[in-house]
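Participant: Just passing along the structure, written as C-alpha cells.
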C-alpha cells in the first residue's frame, strides 16, 4: 500500500484566496484525522471522521475551515478565505476504527499564506 | 477539553545514556496510548503503543502506563545520535479521537 497520500506537498497562496488540501487514506481504514502543526501550538486535532461521517469538528479554528469526506478514499480540508495565521503544516492520518489502533500519517502539506 | 501534556524540554542526553520522556492526559476514558517520533521536516511515525498498566518493552524502548495517575512515559536506553528527534505522546479516547501532546525535542550528543 502507498500509505496516506496528501496533496499538494507545498502550497503558497495570497491572503484571501481559497485553499483546498486533499487526502487519500490507506485502503480499508475507516477513521481519518486532520491535524495542523505549528511551533507554537504543536499538533492540533482539527476534525476526524469515522466511516466518512464527521464525529468531532470542535478543533476547527473558525468557520473559514471546512472538511468533507465524500467517500472512503478521499477527504478535503478547505480554508476560505485564507489568512497568514493559517500558515502551518497540515497532516492527514488514517487508521482502522478500533480504539487501540495507531494512526498512519501522510507526508503533510506545508501551507504558506502571504 | 481533553488535554495531553508533555514535559516541554528540550532534553539533551549523552550518547549511551537513558532518555526519559513523560506525558500526562486529562481524559480518564482514554483507552490506548502511543509514542511517535518525528524528525525535522518529516511526518510522525509510530514507535510504540501501550494499552494496559505496567511496562512494555521493545528493544531499547520501554513504555510505561499508569492509568490511575493518568501518566505515560517512554524510556530510551543506550541513546544514539539517531534518536535525536521530537517525541510525541498520543492518546486515543473512547470516542475514537486521537490527540497529541506538544512534543519533547530530544538531542543525543555523541
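The values are calculated or read from the model by the stated rules, or taken from the named source; none is laboratory data. Just so it is clear, the structure is predicted and the values come from calculations on it, not from any experiment. With ideal geometry, Cβ positions are generated from the backbone for all residues, glycine too; neighbour counts draw on all protein chains shown.
Participant: Of the residues A:8, A:54, A:25, which single one is over 19 Å from residue A:110 (Cα atoms) and either surrounded by 20 or more Cβ atoms within 10 Å (Cβ to Cβ) or touching a strand residue (DSSP E or B) at 6+ places or on another chain (Cβ under 7 Å) (or both)?
Facilitator: After applying the criteria, what remains is A:54.
Participant: Okay, next question. Let me confirm something: among B:43, B:32, which residue is at pLDDT below 95, under 27 Å from residue A:33 (Cα atoms) and within 13 Å of chain A (Cβ to nearest Cβ)? Before the answer, list the steps.
Facilitator: Numbers: B:43 fails: at pLDDT below 95.
From the options B:43, B:32, the qualifying one is B:32.
Participant: Residues that are within 30 Å of residue B:51 (Cα to Cα) and free of Cβ contacts under 8 Å to residues at least 12 places away in the same chain: does segment A:84-98 have at least one?
Facilitator: Step one: filter segment A:84-98 for residues within 30 Å of residue B:51 (Cα to Cα), giving A:89-98.
From the residues that got through so far, the ones that are free of Cβ contacts under 8 Å to residues at least 12 places away in the same chain too are A:98.
Checked segment A:84-98: at least one residue is within 30 Å of residue B:51 (Cα to Cα) and free of Cβ contacts under 8 Å to residues at least 12 places away in the same chain.
Rundown of residues vs (1) within 14 Å of chain B (Cβ to nearest Cβ); (2) modelled with pLDDT of 95 or more, yes/no style:
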site: A:10; (1), (2): yes, yes
site: A:32; (1), (2): yes, yes
site: A:85; (1), (2): no, yes
site: A:90; (1), (2): yes, yes
site: A:100; (1), (2): yes, no
site: A:104; (1), (2): yes, yes
site: A:110; (1), (2): yes, yes
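Participant: How about segment A:72-104: which of its residues are within 15 Å of the chain's Cα centre (by Cα) and surrounded by fewer than 20 Cβ atoms within 10 Å (Cβ to Cβ)?
Facilitator: Of everything in segment A:72-104, those that are within 15 Å of the chain's Cα centre (by Cα) and surrounded by fewer than 20 Cβ atoms within 10 Å (Cβ to Cβ) turn out to be A:72, A:73, A:74, A:76, A:78, A:80, A:87, A:89.
Participant: Out of all the residues in segment B:21-34, is one or more closer than 24 Å to residue B:107 by Cβ, outside any strand (DSSP E or B) and within 15 Å of the chain's Cα centre (by Cα)?
Facilitator: No.
Participant: Would you pick out the residues in segment B:88-101 that are within 9 Å of chain A (Cβ to nearest Cβ) and buried (at least 19 other Cβ atoms within 10 Å of the Cβ)?
Facilitator: B:88, B:90, B:92, B:96, B:97, B:98, B:99, B:100, B:101
Residue-wise test of (1) without any contact (Cβ under 8 Å) to a residue 12 or more places away in the chain; (2) surrounded by fewer than 16 Cβ atoms within 10 Å (Cβ to Cβ).
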position	(1), (2)
B:26	no, yes
B:35	no, no
B:43	yes, no
B:47	no, no
B:57	yes, yes
B:62	no, no
B:72	no, no
B:86	no, no
